[in-house]
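Here the structure is laid out as structure tokens; the discussion comes afterwards.
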Amino acid sequence: MFQGRKDSPLTEIGQAQALKQRALLATVQNLPSKKYSSPQGRAVHTAHLALGSDEDLILDDRLREIDFGEWEGSTREEIKSQIDYSFESGIWNFKSPKGEDFEMISDRLRRFLKDIVEPAIIVTHGTTSIVLRGLCMNLDQAEILKLPKDQGCIFHLSAGEETILR
């Protein structure tokens, strides 16, 4: 089920993935002191587990998950039945009725990136993550949709390059 802006609790799998991220972060030297998160409950819970605390966590609305509009709460099969292009392409993420399109989510994430003045840890959501990472790497929409969507890992971005810590 695609949640988008719906705010369900973090699942047991999500909790385990966040604890894995915590273990991964423990291996990183010189972690950034700035920590940002989407204010959605599941992201804040993830941040708390992954960072060991939510102290000094800056909640930023621009990191919310994409608004899937009328598709919020829909299953994969329900969305597939409403589109006339490949579901696997991922383009549907930006074409939901009454939801955010690619330009809308890109604009809010560009504004967020413009405001960051130092390295930071960012906790966000699936679609928001790939767009944010793609913008950092100067990718176009088609390239962004090909980025890994793994969970329970760390995407380290530096100088326009991405390294995945697993």
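Every read-out reported here was derived from the displayed coordinates using simple, explicitly stated rules and does not represent laboratory data. Fair warning: this is a prediction, and the values are worked out from it, not measured in the lab. Cβ placement follows ideal geometry from the backbone for every residue including glycine, while neighbour counts extend to all protein chains displayed.
Normalised radius of gyration (Cα atoms, divided by 2.2 N^0.38 Å) for segment 1-84: 1.30.
Restricting to bridges with both residues inside the chain, how much of the DSSP beta-bridge set is antiparallel, in percent to the nearest 5?
Percentage antiparallel, nearest 5: 40.
Which one of 44, 131, 117 has the biggest mean-square fluctuation once the chain is modelled by GNM with Cα springs under 10 Å? Largest GNM mean-square fluctuation: 117.
Starting from 0.36 nm per residue, how many nanometres of slack lie between residue 30 and residue 58 once their C-alpha separation is accounted for?
Working: separation 28, 0.36 × 28 = 10.08 nm, distance 1.91 nm.
Length difference between fully extended and current span is 8.2 nm.
Neighbour counting of Cβ atoms within 10 Å sorts the residues 25, 132, fewest neighbours leading, into 25, 132.
Using C-alpha pairs below 8 Å separated by at least 6 residues, the relative contact order for segment 9-80 is 32 percent.
What is the sum of charges, Lys and Arg at +1 and Asp and Glu at -1, for the other residues whose Cβ falls under 14 Å from the Cβ of residue 61?
Residues close to residue 61 contribute a combined charge of -2.
Between residue 150 and residue 120, the contour length at 0.36 nm per residue exceeds the Cα-Cα span by 8.8 nm. Which one of 32, 97, 148 is farthest out on the positive end of the charge dipole of segment 1-157, using unit charges on Cβ (Lys, Arg +1; Asp, Glu -1) and the Cα centre as origin? After comparing all options, I get 32. Reducing segment 130-166 and segment 42-76 to their Cα centroids gives an inter-centroid distance of 17 Å. The residue list 19, 122, 158 was ranked by how far each Cα lies along the charge dipole of the chain toward its positive end, using unit charges on Cβ atoms, and 19 comes out on top. Measuring nothing but how far apart in sequence close Cα pairs (under 8 Å, 6+ apart) lie, relative to its length, the chain scores a relative contact order of 28 percent. Cross-link pairs exceeding 30 Å in C-alpha to C-alpha distance, out of 114/146; 80/114; 20/80; 114/149; 20/146; 6/114, comprise 80/114; 20/80.
In the chain, the DSSP-assigned H stretches of four residues or longer account for a calculated mean residue ellipticity at 222 nm of -10500 deg cm²/dmol, using -39500 (n - 2.57) per stretch and the full residue count as denominator. Compared with the direct C-alpha span, the chain from residue 19 to residue 82 gains 19.0 nm at full extension, assuming 0.36 nm per residue.
Once the Cα atoms are used to define both axes, helix 102-115 deviates from the longest principal axis of the chain by about 20 degrees. Roughly how tilted is helix 41-51, in degrees to the nearest 10 and between 0 and 90, from the longest Cα axis of the chain? The angle comes out at about 30 degrees.
The shape of segment 29-131 comes out prolate: with a ≥ b ≥ c from the C-alpha gyration tensor, a/c is at least 1.5 and a/b beats b/c.
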